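Reading through the structure tokens given below for one structure.
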Amino acid sequence: MGLQIPVLNEQDSAGQVEVNEAVFGQSFNETLIHQLVTRYLAGARAGTKAQKTRSDVSGGGAKPWRQKGTGRARSGTIRSPIWRTGGVAFAARPRNYEQKLNKKMFRAGIRSILSELLRQDRLVVSSDILPASPKTKVLYEKLKNFDAKRILIVVENVDENLALASRNIPYVEVIEAANLSPVLLVAADKVIATPGALKQLEERLA
């Protein structure tokens, strides 16, 4: 059993496309979606912050002065954290922020997001969203009637015309169906997919 989604052509209905209810008819799983989005945001963190410990800074091989008899506090190295130019105590080290999420959970999360977008009328199928030329004005004319602050266009393959036409519109993101991001899906006010991209998603997530 399938669901019917209207296909738009220049903002007018151009028929319907049938999609798998197992992909686009799932319940909203807030916990799983939160975990999925958190995992993507964590994986995007660089984790390249680093400071030098006392073993990383140069010098410090010799004891600055003898242990007793100088009247000063004993010291074993000039690279102690309490010395100027010394190492940093509890120094930050490079780390990996990635979180584990298996494929089954990822697919279930994407299905849940797509289903909720469809229920909220935020998922639209358009057969003519791809511009015929690389001009921003051409794509802008196609998008201006959607009345959305953030638009995500999902296609099978990003061609040169779409890439060039969309890059100067700040509220538009373009992504291939094979690289679909849950962060972009959740953030978009309107998701516009081509029939081919929708079919590709359905095959991937079924």
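The values are calculated or read from the model by the stated rules, or taken from the named source; none is laboratory data. Predicted model only: the values in this text are computed from it and were never measured. All Cβ positions, glycine included, derive from the backbone under ideal geometry; neighbour counts span all protein chains shown.
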Evaluation of Ser133 against (1) part of a helix (DSSP H, G or I); (2) surrounded by fewer than 13 Cβ atoms within 10 Å (Cβ to Cβ) (one fails), failing number: (1)
Test: residue in segment 40-57 that is assigned to a helix (DSSP H, G or I) and in contact with an Asp or Glu (Cβ under 9 Å, 6 or more places away or on another chain): yes
Test: residue in segment 23-40 that is in contact with a strand residue (DSSP E or B) (Cβ under 7 Å, 6 or more places away or on another chain) and surrounded by 11 or more Cβ atoms within 10 Å (Cβ to Cβ): yes
Selection within segment 147-162 - in contact with a strand residue (DSSP E or B) (Cβ under 8 Å, 6 or more places away or on another chain) and within 19 Å of Leu198 (Cα to Cα): Ile151, Leu152, Ile153, Val154, Val155, Glu156, Asn157, Val158, Leu162
Selection from segment 156-175 of residues that are assigned to a helix (DSSP H, G or I) and surrounded by fewer than 14 Cβ atoms within 10 Å (Cβ to Cβ): Glu160, Ala163
Cross-chain or 6+ apart pairs with Cβ under 7 Å, segment 9-37 first and assigned to a strand (DSSP E or B), then of a type in the set (D, E, K, R) and modelled with pLDDT under 95: Asn9/Asp128; Val19/Glu202; Asn20/Glu202
Qualifying residue in segment 63-72 (condition: small (Gly, Ala, Ser) and in a loop (DSSP other than H, G, I, E, B)): yes
